[in-house]
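The values are calculated or read from the model by the stated rules, or taken from the named source; none is laboratory data. Treat the numbers as computed from the prediction; the structure is a model and nothing was measured. In this analysis, Cβ positions are derived from the backbone assuming ideal geometry, glycine residues included, and neighbour counts consider all displayed protein chains. To get the accessible areas, we keep the full protein, side chains included, count just its heavy atoms, and leave off ligands, DNA and RNA. Shrake-Rupley method; radii C 1.70, N 1.55, O 1.52, S 1.80 Å.
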Amino acid sequence: MPSHTDAVQAPSLQERFLGAYLGFASGDALGATVEFMTAGEIRATFGVHNTIRGGGWLRLKPGQITDDTQMCLAVGDAMIASEATGGWDLRCVADGFVKWLRSRPVDIGNTCRRGIRRYMQDGSLHAPELHDDAGNGALMRNLPVALGTPPVPLAELLEGHDPVFTQRSLEQGRITHGNILSDASILMLGQLTRVLLAGGGVDDCHRVAEQWIRQHPKFNFTPWPGRTSGYVVDTVQTVLDGFFSASSLEECIVSVVNRGGDADTTGALAGQLAGARWGIKAIPTHWVDKLDPSVRKKISEQVEALLRLAVGQ
Ligand code: MN
Ligand code: MN
């Protein structure tokens with residue numbers, strides 16, 4: 001039974017928006033330290049890895065973020081620049097990826113690089129269909145679409161009726177990833193994020209996840225199969241197991257990144273869901289304070305603009 005205190009403390013829409021985006025960036029910055037390590041190696045090195053300290057295979061500064069957050073920022077910038085056309089212009093999104101690629105990013109996934117190069121060469125906005133290359137690179141950059149697309153009522157969301165969000169999400173994903181599992185993962189985590197932003201509860205999320213798993217049984221995460229690679233099925237299972245097992249944002253992100261593997265991406269996506277659920281105030285201040293200040297500022301600005309795009313305020 002929800003207590004009176006819970007109701008009073010329910011995060012506002014703005015707190016959920018900021019929580020999702022800064023939760024995402026925090027998960028990226030925290031997880032990047034242990035990306036490609038095993039859970040055993042992480043335990044031997046750090047005990048529990050729960051402070052943002054940089055390092056890792058990318059030799060990051062403490063608080064530095066990686067391609068996950070950078071690609072989100074590129075999508076967000078493109079949406080904000082397209083305000084006059086309702087916040088969506090796919091070519092603008094693709095051009096944003098080109099600009100990002102040319103900025104010599106600290107890391108980039110193979111499928112993302114291949115897709116952006118294809119766009120640079122022939123201007124085509126759709127990757128060819130691939131059956132064996134379902135990486136998480138398109139999934140990891142869809143948060144701004146979930147934030148900046150006008151909301152639909154919770155009842156419709158729960159029925160899976162969110163046509164503008166669906167169209168935009170698939171369009172941006174397919175710039176680089178022509179894969180049915182990538183598509184499904186984007187819509188699944190997107191629907192969960194939008195349900196949480198709309199004030200839906202964890203029971204609603206369970207039902208949404210169950211519906212997706214009925215359509216795509218590969219995503220079944222109970223019991224968690226223990227795989228943490230960048231394969232989108234492994235990523236979704238890890239993120240959902242962490243999200244549904246946790247009772248706080250910090251526990252959610254820490255539990256996911258300490259499993260290792262593609263820890264910056266699973267950490268970021270866990271932070272996206274946990275932030276949409278618990279809001280900005282649930283993020284440990286020592287994480288937010290450590291985040292690269294220019295990224296923190298950029299995220300705050302995008303959140304204001306995406307909120308305006310979504311709800312006109
Ligand atoms: Mn990354
Ligand atoms: Mn990664």
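For the residues L58, L143, L73, a GNM of the chain with alpha-carbon springs under 10 Å puts the largest fluctuation on L58. Look at the alpha carbon pairs under 8 Å that are at least 6 residues apart: their mean separation over the length of region 25-124 gives a relative contact order of 22 percent. Database remark: amide H of L60 closer than 5 angstrom to the amide H of G55 (H placed geometrically; neighbours at sequence offset of 5 or more, or on other chains; Pro and chain starts carry no H). In a DSSP loop and with at most 14 other Cβ atoms within 10 Å, the chymotrypsin sites (Phe, Trp or Tyr not before Pro) in region 14-83 are W57.
Normalised by the number of residues in region 109-238, the average gap of Cα pairs under 8 Å and 6 or more apart makes the relative contact order 29 percent. Listed by chain and number, the lysines whose C-alpha is less than 30 Å from the C-alpha of K290, apart from same-chain residues fewer than 8 away, are K61, K99, K281, K298.
In summary, the helical segments of the chain meeting the span-like criteria, namely a full DSSP H run, a Cα extent along the axis of 24 angstrom or more and a mean Kyte-Doolittle hydropathy of at least 0.0, are 13-32, 180-197, 293-311.
Please identify, among D264, D28, D292, the residue showing maximal mean-square fluctuation in a Gaussian network model of the chain using a 10 angstrom Cα cutoff. Comparing D264, D28, D292 in a Gaussian network model of the chain, the most mobile one is D292. Volume per residue for the chain equals 125 cubic angstrom (convex hull of Cα atoms). Remark: region 241-313 is approximated by an ellipsoid whose semi-axes, taken from the C-alpha gyration tensor as √(5λ), come to 23, 15, 12 Å, largest first. For region 36-117, the Cα gyration tensor yields ellipsoid semi-axes of 32, 14, 10 Å (square root of five times each eigenvalue, largest first, whole Å). Dipole magnitude for region 104-163: about 500 debye, using +1 per Lys or Arg Cβ and -1 per Asp or Glu Cβ, origin at the Cα centre. For region 281-289, 3J(HN,Hα) computed residue by residue from phi via the Karplus equation (6.51, -1.76, 1.60; θ = phi - 60°) reads 5, 7, 7, x, 4, 5, 6, 4, 5 Hz, glycine and proline entered as x.
Quick one: ranking H206, H161 by accessible area, 1.4 Å probe, largest first, what do you get?
H161, H206
Across region 117-165 the C-alpha pair distances fall into 5 Å bins from zero in the proportions 4, 15, 15, 18, 19, 15, 9, 4, 1 percent. The trypsin sites (Lys or Arg not before Pro) found in region 41-123 that occupy coil by DSSP, while having at most 14 further C-beta atoms within 10 Å, are R59.
Among W224, W212, W287, the sequence by solvent-accessible area, most first, with a 1.4 Å probe is W224, W212, W287. Going by accessible surface with a 1.4 Å probe and the largest first, L130, L306 read L130, L306. Roughly how compact is region 135-206, stated as its Cα Rg over 2.2 N^0.38 Å to two decimals? Here the answer is 1.04, to two decimals.
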